Ligand SMILES: NC(=O)c1ccc[n+]([C@@H]2O[C@H](COP(=O)([O-])OP(=O)(O)OC[C@H]3O[C@@H](n4cnc5c(N)ncnc54)[C@H](OP(=O)(O)O)[C@@H]3O)[C@@H](O)[C@H]2O)c1
């Protein structure tokens, strides 16, 4: 049985990868910080799909947590056939407003952590002559919208370069670029998605199904759904200034929506968190 290690497997996109891979009979090593949620997720997957699921609680932004996952990936006696670098979050605010520490942690979760884990696992995969590495990037990689876009663009570039270098060695590296997907992402980032048109929302099951198809085929970049592939082409052609203006307009429309909604809410309704902003970057 092949074994996959998925970071951030207790929620959203990572949890759906865990379900679909378990349904195919893949054993799993799942990583997240919340140990009790991780144990519950592991038990549920094991019960439902009759596969082996190892829970590896770790904060990838701590040196001990990263070392624990790295160590597991380097263990040749229990080889990992598929690594999915999925754990991640968005940073809210532009680069002059955020703190240096927040930016460096955000850069680490999207760049240096997946770089280290991929480098470790790729060494074993190349020696064994097979394996797959996945970077969960975003369509934001094709937009000039802040340091989240910049970090996600690194994942696409890394996958394209390393995938080419790995050709003929039985190993592939794929960047998956989802658009808006309903997970815990936007809530954790404390941004409103109120004005996001419904046609832009992806179904997480369909997203992962399409992603796995591209990963199985060893593609460098997978942009799930035709509508997002078209959008990605357009995004690369629209001038940066126009994109920025569109983003600002969407943000103020959402702000207006939020204001109207809170004005009409009953007095007993909890107020929306003060930090929620009408920011319309794709996740
Ligand atoms: N949702 C979207 O619209 C969207 C679109 C494009 C790309 N993406 C990308 O997709 C990936 C998954 O996002 P999602 O939407 O599924 O987010 P999510 O629902 O918030 O899930 C995030 C997962 O990552 C784990 N995690 C977060 N920080 C971690 C850390 N320091 N160490 C270990 N685990 C950590 C979380 O568990 P714990 O909190 O217990 O650690 C959770 O399991 C991210 O890389 C995101 O950038 C999302």
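Readers should treat all values here as calculations from the given coordinates under stated rules, not as data from a laboratory. Remember, predicted model here, so these are calculated numbers, not experimental data. Methodologically, a virtual Cβ is constructed for each residue, glycine included, from the backbone with ideal geometry; neighbour enumeration extends over all protein chains shown.
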Area projected by the alpha carbon convex hull of the stretch 3-264, averaged over all directions, nm²: 15.0 nm²
Rounded tilt (10° steps) of 240-264 against the dominant C-alpha axis of the chain: 70 degrees
For the stretch 1-132, just list the percent of Cα-Cα distances falling in each 5 Å bin from zero outward, please. 2, 11, 20, 22, 19, 13, 7, 4, 2, 0
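State the extension gain, in nm to one decimal, for the chain segment bounded by residue 75 and residue 119, taking 0.36 nm per residue of separation less the distance between their alpha-carbons.
Values: separation 44, 0.36 × 44 = 15.84 nm, distance 1.36 nm.
Contour length minus Cα-Cα distance gives 14.5 nm.
Sorted by average packing, counted as other Cβ atoms within 10 angstrom per residue and highest first, what order do 216-226, 137-147, 62-72 take?
The packing order, highest mean first, is 137-147, 216-226, 62-72.
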With Cα atoms, 0 to 90° folded angle of helix 204-216 axis to the chain main axis: 40 degrees
Ranked from highest to lowest mean number of other Cβ atoms within 10 Å per residue, what is the order of the peptides 7-20, 179-192? 7-20, 179-192
With a Cα-only, solvent-free Debye model of the stretch 56-175, what are the log10 I(q)/I(0) values at q = 0.11, 0.16, 0.23 Å⁻¹? -0.38, -0.77, -1.29
